[in-house]
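The values are calculated or read from the model by the stated rules, or taken from the named source; none is laboratory data. Not measured: the values here are computed from a predicted model. Here the Cβ positions follow ideal geometry from the backbone for every residue, glycine too, while neighbour counts run over all protein chains shown. Surface accessibility is based on the protein's heavy atoms, side chains included, excluding ligands, DNA and RNA. Shrake-Rupley method; radii C 1.70, N 1.55, O 1.52, S 1.80 Å.
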Amino acid sequence: MRRLFLSYVLLLSVAVSAQTGRWISAGNINNAVSAADAAVTSANKARISSPAKITLPANQRILGHYDTDDVATSTEGYGLPNYPGTISIGSEFIASDLRLFDGGKVVKIRFGLANVCSVSEVFLKGCTSEGDIVDIVTQSVDPATVVQGWNEVTLSTPVTLDISKYESFLMGYTYEQLSDKTNKSTFPWSFKGPSSYSYIYVTINGESGWYDFGTETLGSLSIQAFVEKDYEPENLALISMNVNAFVKPTDTLPYVLNFKNYGTTAPESYELSVSLDGNKVETLNTPVSFATSSSAQYSGNLTLPENITNGAHKLTLKVEKINGNVPVREVDDDVLERNFGVYTETVARQKHLVEHFTSTSCTYCPRGDALLNSLTESRDDIVRVSVHNIQNSTYPDPFYIPESDDIYEAQLVDVYPAASANRTYFDLGTGDGNAFRFGIGYTGTQATTLVDMISKALDENAKTRPAFASIAIDANHDTATGKLNVKVSGSGVKNCAGIMGADSKLNVCVVEDSVIAKQLNSGRWITNYAHNRVLRAYVSDVYGAAINWNGDSYENEFSISWNPEWNVRKMHIVAFLSRPMNSMFVTDRFVMNAEEDIIKVNGVNSIAGTAVKTAEAHEVARYSAAGARLNAPAKGLNIVKMSDGTTVKVIVK
């Protein structure tokens, strides 16, 4: 399925984006999510209820993205006044995150409203691995009983939660959306707690489907279920752990553990063991105090042994005892393991990978194009790849390839135009928090500031995620066989494969410059827009290829069919070494080194011509025929690198 994102951006309104997903069908919609604080007080406000703090029996727990009684105030509500009528809104829950509730019975669903509206039903749906959406339970609601705040709905027939059948769940309610922006009932949605995805079922241009409106930037939809089960009284769960990817043997290893008490009582004491490569090195005795259903975070620093070797190592944390008892049930989440590399040497980083997320139907995407042009003009160590996707199904992007969906989903791209730097999950300081992507639809001083922030982030990234192996590219278009043959090789520091991780990947793709096609720009179509660095194909698998190591060197060969629509003189091969893009840990997805090169034709160099740009291309670097960097034109053959990434040969007399 295709999925449509409508981004709610606080700093700058940008356009809709499209992406592969579980719930979303194609379509087009304008920025339509509105807040209640612009509305006047409505007479409907009379039906306000303030429920008491909920007290659960021992066999019931709250399933929700947050499990408190928090709900948005009347002025904090949101709605969709541009699309009046019957709308269903729900929040997504990933099945693998619901292990605690597996086998339990859903007996109630409650929804929180910032402003009272006419709600007709609550529901729970499942999405299978094939993408089918299945109705699990629907319970009708009497609209006359709905109040502002929390509304509890008891299921006439409780349902058993079987997470093995689904990849994800959608829980929510159906209501009547009003269009009167002066009426606060137009803005019923309540968001609180941590960020999560919410989806809306609505009909757009005659097409009905589930749409993601980017409301995860507001928090989580106020929707929760009561699940009955024989819960353990003592049950600590290790949720996640962040560890530095690489560390020197003389440093300590910092780590951050997130864990939660799922027991029905608060533990008075507990023990966590800390192991390095399977050997216990430390015991943590009740490092954080818990209350019932509370979460906690612990930051630790592990001193590495003096004799630790360069290469791959593993940090393991385990719940050993709770109140002096060894856990015997619900123990699947009692252990967390993370790999890290120990190193003493690095190689020089050749390039940084900057991926550009764009679409020909994105009206603000030319702003992002210009911003990234400024970035590549300011430094000569950028490899840029423009990944096109379909923002508007009415205007399919001619540069869309199926691999774009995988790239967008892996990097959680939910806004156009956007970019990522070395596929690193970090906080750029733009207000997005930790993320792979950052919005780039800026102009003027905002664009200048963001270019500087990205540049500094790249420099910092090179320190924390250094390069351990080089990249050399030999690409050839064989016209006799109609094949593009690519060999990528390199050498690294001692035991570089172990340091980088045995599951690290070599990624190879082909990009093209100066591809002329139409582009929406500030509300009007430009018919002859020059698209540069366009991702044309992946030569390796989109998730990367296993690296063929021979000691501390490697060599991989690839071959794909040549597309006759490609112009070889305007194309480059891009290769980069990375951690797996589909790693279950977002902090374990990043690029360690990147490089690009031209494509030869039948073994003969084919120097790329100057790309046509929306901004004039200019010289950024000059080299002699021998490859030496020149500060000024020198007599003889000069090789000139342009700001658009192309290379030209110049004879200086």
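Key figures
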quantity	calculated
Selection from the stretch 89-115 of residues that are among the hydroxyl-bearing types (Ser, Thr, Tyr) and open to solvent by 20 Å² or more (accessible area, probe 1.4 Å)	Ser96
Residue in the stretch 227-245 that is of a type in the set (A, V, I, L, M, F, W, C) and within 30 Å of Gly79 (Cα to Cα) present	yes
Residue match in the stretch 93-109 (condition: free of Cβ contacts under 8 Å to residues at least 60 places away in the same chain and within 25 Å of Asn261 (Cβ to Cβ))	yes
Residue within the stretch 531-541 that is farther than 18 Å from Arg384 by Cβ and either aromatic (Phe, Trp, Tyr) or open to solvent by 30 Å² or more (accessible area, probe 1.4 Å) (or both) present	yes
Thr445 vs. criteria more than 26 Å from the chain's Cα centre (by Cα), open to solvent by 30 Å² or more (accessible area, probe 1.4 Å) and either over 15 Å from Phe558 (Cα atoms) or without any contact (Cβ under 8 Å) to a residue 12 or more places away in the chain (or both)	yes
Of all residues in the stretch 180-207 being in contact with a Gly (Cβ under 9 Å, 6 or more places away or on another chain) and among the small types (Gly, Ala, Ser), the one that is farthest from Gly90 (Cα to Cα)	Ser185
Meets criteria (within 23 Å of Phe191 (Cα to Cα) and open to solvent by 10 Å² or more (accessible area, probe 1.4 Å)) for Ser140	yes
Any hit, the stretch 386-405, residues being aromatic (Phe, Trp, Tyr) and within 22 Å of Thr217 (Cα to Cα)	no
Listing of strands (runs of 3 or more DSSP E) fully contained in the stretch 101-157 that carry 1 or more residues being closer than 18 Å to Asp69 by Cβ	105-113, 119-127
Given (1) at pLDDT 95 or above; (2) over 30 Å from Tyr343 (Cα atoms); (3) open to solvent by less than 20 Å² (accessible area, probe 1.4 Å), index of the condition Asn422 fails	(2)
Some residue of the stretch 452-463 being surrounded by fewer than 20 Cβ atoms within 10 Å (Cβ to Cβ), closer than 19 Å to Ser540 by Cα and touching a Ser or Thr at 6+ places or on another chain (Cβ under 8 Å)	no
Residue in the stretch 271-293 that is in contact with a Gly (Cβ under 8 Å, 6 or more places away or on another chain), open to solvent by 70 Å² or more (accessible area, probe 1.4 Å) and not in a loop (DSSP other than H, G, I, E, B) present	no
Qualifying residues in the stretch 252-270 (those that are touching a strand residue (DSSP E or B) at 6+ places or on another chain (Cβ under 8 Å) and surrounded by fewer than 16 Cβ atoms within 10 Å (Cβ to Cβ)) - the one modelled with the lowest pLDDT	Asn258
The stretch 464-494, residues that are touching a residue at least 40 places away in the same chain (Cβ under 8 Å), assigned to a loop (DSSP other than H, G, I, E, B) and open to solvent by 60 Å² or more (accessible area, probe 1.4 Å)	Thr479, Ala480, Lys494
Unmet criterion (only one of (1) in contact (Cβ under 8 Å) with a residue 60 or more places away in the chain; (2) in a strand (DSSP E or B); (3) not β-branched (Val, Ile, Thr)) for Ser393	(2)
The stretch 366-404, subset of a type in the set (D, E, K, R) and open to solvent by less than 20 Å² (accessible area, probe 1.4 Å), residue farthest from Tyr211 (Cα to Cα)	Arg384
One residue from Arg589, Arg569 being open to solvent by 10 Å² or more (accessible area, probe 1.4 Å) and within 24 Å of Val413 (Cα to Cα)	Arg589
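Quick grid of which residues meet (1) at pLDDT below 95; (2) within 30 Å of Leu98 (Cβ to Cβ); (3) touching a Ser or Thr at 6+ places or on another chain (Cβ under 9 Å):
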site	(1), (2), (3)
Val288	yes, yes, no
Phe357	no, no, yes
Cys362	yes, no, yes
Leu371	no, no, yes
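Let's see how each residue does on (1) more than 26 Å from the chain's Cα centre (by Cα); (2) part of a loop (DSSP other than H, G, I, E, B); (3) surrounded by 13 or more Cβ atoms within 10 Å (Cβ to Cβ):
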position: Tyr298; (1), (2), (3): no, no, yes
position: Glu306; (1), (2), (3): yes, yes, no
position: Val319; (1), (2), (3): yes, no, yes
position: Glu345; (1), (2), (3): yes, yes, yes
